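My structure is below; once you've seen it, I'll send some questions.
The values are calculated or read from the model by the stated rules, or taken from the named source; none is laboratory data. Since the structure is predicted, the reported quantities are computational estimates derived from the model, not experimental observations. Backbone-built Cβ (ideal geometry, glycine too); neighbour counts: all protein chains shown. Accessible surface is based on the protein model in full, side chains and every heavy atom, while ligands, DNA and RNA are left aside. Shrake-Rupley method; radii C 1.70, N 1.55, O 1.52, S 1.80 Å.
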Amino acid sequence: MEHQLLSLAATRVRHMGRVNWRGLWTLYMKEVRRFLNVFTQTLLAPMVTTLLFLAVFTLALGGGGREVGGVPFATFLAPGLIMMAMVQNAFANTSSSLVIAKIQGNIVDVLMPPLSPAELALGFAGGGVTRGLMVGCSVGIGMCFFVPVTLHNPLFILYHGVMASLMLALLGMIGGIWAEKFDHIAAVTNFVITPFSFLSGTFYSIEMLPEIWQTISLFNPVVYLISGFRWAFYGVSDVHVGISVGMTMVFLTMCMTAVWWIFKTGYRLRS
């Protein structure tokens, strides 16, 4: 009898190979459906808020035919606002998902399945990237009705959009795992993510800053994301596009390594 039970158990073992594709896809779809269930909050609200930013700053600072980098101010502003919406929502998606899972105690349902640290990271990050890109597309479409939008290099638009969403999704995972309650993640959002977004050249060219502040700005990873993204639209950037691509890969590698280590060691997850 015991031999028969062992044989039956052996026949039910699923050989997944090097990657648990089904588990990875399931985790990804869980994250996507989570934010789509409240799309008015996760997709529609960011679009409206970003368009309001465009209206307010254009009316307040864009009068008199003002130009920045040789393009009208509203046109200069659009890519930065799209990128800002993408990074903030990618961060919010993964951070809120993990904080809620920890507070509700169902984080164990994610950690118990046979998913490797890399698969866990990609599953959560994939949801954040999807939300970031969907927000970016909705904001971009909305802006087309108010400012002229050109595509200088569509491939680099896609590259910077994906890399920005992925980087901030990974940072959101780090923040969500570190945080023990919503106040903690709100503090990270208010004192780290929002200042990095606003002080990255979204509303101005960093070349307008004093030299010392230009140097300090280069330590902000969002600067490279917005600079490269703006170049992909209009061929205008504060940082050479090659440097933007390289620095983006450096910061992304650091974030991915940190998240992999957290899931590998169970930092703040197994206590």
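If you take the beta carbon distance between residue 207 and residue 112 as r and set R0 to 51 Å, what does 1/(1 + (r/R0)^6) give as a FRET efficiency, to the nearest 0.05?
The formula returns an efficiency of 0.50 here.
Probe radius 1.4 Å, ligands and nucleic acids ignored: give me the carbon and sulfur share of the accessible area of the chain as a rounded percent.
69 percent
How long, wide and thick is the chain, going by the Cα atoms along their three principal axes, in whole angstroms, largest first?
The principal-axis extents, from largest down, are 88, 38, 36 Å.
Taking the Cβ of residue 96 as the centre, find all other residues whose Cβ is under 15 Å away and add up their charges (Lys, Arg: +1; Asp, Glu: -1).
Within the 15 Å Cβ shell, the charges total +3.
How much solvent-accessible surface does residue 249 expose, in Å² to the nearest 10, with a 1.4 Å probe and all protein chains in place?
Number for this one is 80 Å².
Taking a probe of 1.4 Å, how large is the accessible area per residue of region 114-271, in Å²?
Roughly 47 Å² per residue, with all protein chains present.
Using modelled backbone amide H atoms (1.01 Å from N, in-plane), which distant-in-sequence or interchain residues come within less than 5 Å of residue 68's amide H?
73
On a 0 to 90° scale, report how tilted helix 45-61 is relative to the longest principal axis of the chain, with both axes built from alpha carbons and the result rounded to the nearest 10.
20 degrees
Work out how much length residue 183 to residue 258 would gain on full extension: take 0.36 nm times their residue separation and subtract the Cα-Cα distance, in nm to one decimal.
24.7 nm
Take peptides 104-114, 155-165 and line them up by average Cβ neighbours within 10 Å, highest first, as a rough protection proxy.
155-165, 104-114
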